[in-house]
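Undergrad: Take a look at this one; I'll ask things after.
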Amino acid sequence: MSTQFDVMGLLTGQLARVLEIPPERIQPDDILAYLPNVDSLRLLDAIAGVENELRTKVDEDDLVGVRTVAGLAALFEGEGRS
């Protein structure tokens, strides 16, 4: 996907917003389930924020196997464009 957006930066910003933590505390190798203040609703809120910014949707089935911040960013970078 060629886009002017920095997907990792956008995702990190959305996660920081919904988790109420500084974006510099979020690293690509971080496991999503272990991020501070995380729960499934907040995670879905962050995903929706990225989807809105990129005007795309990721396949919900693909989300099941995602474990890290980098893995989630890869979904937006590689596939899920509709």
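All of the numbers you see were taken from the coordinates with simple rules; none came from a lab. These numbers were taken from a predicted model, which means no experiment stands behind them.
Undergrad: Amide H of Thr68: which non-local residues (sequence gap of 5 or more, or other chain) have their own amide H closer than 5 Å, using H built in the peptide plane?
TA: When sequence neighbours closer than 5 places are left aside, the close amide H contacts are Leu32.
Undergrad: Run the numbers on the stretch 1-79 and let me know its relative contact order in percent, using alpha-carbon pairs under 8 Å that are six or more apart.
TA: Numbers: 67 pairs, mean separation 31.6, N = 79.
Result for the stretch 1-79 is 40 percent.
Undergrad: Residue by residue through the stretch 62-67, what is 3J(HN,Hα) from phi via Karplus (6.51 cos²θ - 1.76 cosθ + 1.60, θ = phi - 60°)? Round to whole Hz and write x for glycine and proline.
TA: Couplings: 6, 5, 4, x, 7, 10 Hz.
Undergrad: Also, quick follow-up: May I ask you to evaluate 6.51 cos²θ - 1.76 cosθ + 1.60, the Karplus curve with θ = phi - 60°, for each residue of the stretch 14-24 and list the ³J(HN,Hα) values in order in whole Hz, giving x for glycine and proline?
TA: Working through the residues one at a time gives 5, 4, 4, 4, 6, 8, 6, 9, x, x, 5 Hz.
Undergrad: Then there's this: Can you list the HN-Hα couplings for the stretch 48-53, worked out from phi with the Karplus curve (6.51, -1.76, 1.60; θ = phi - 60°), rounded to whole Hz and with x for Gly and Pro?
TA: After applying 6.51 cos²θ - 1.76 cosθ + 1.60, I find 4, x, 5, 4, 5, 5 Hz.
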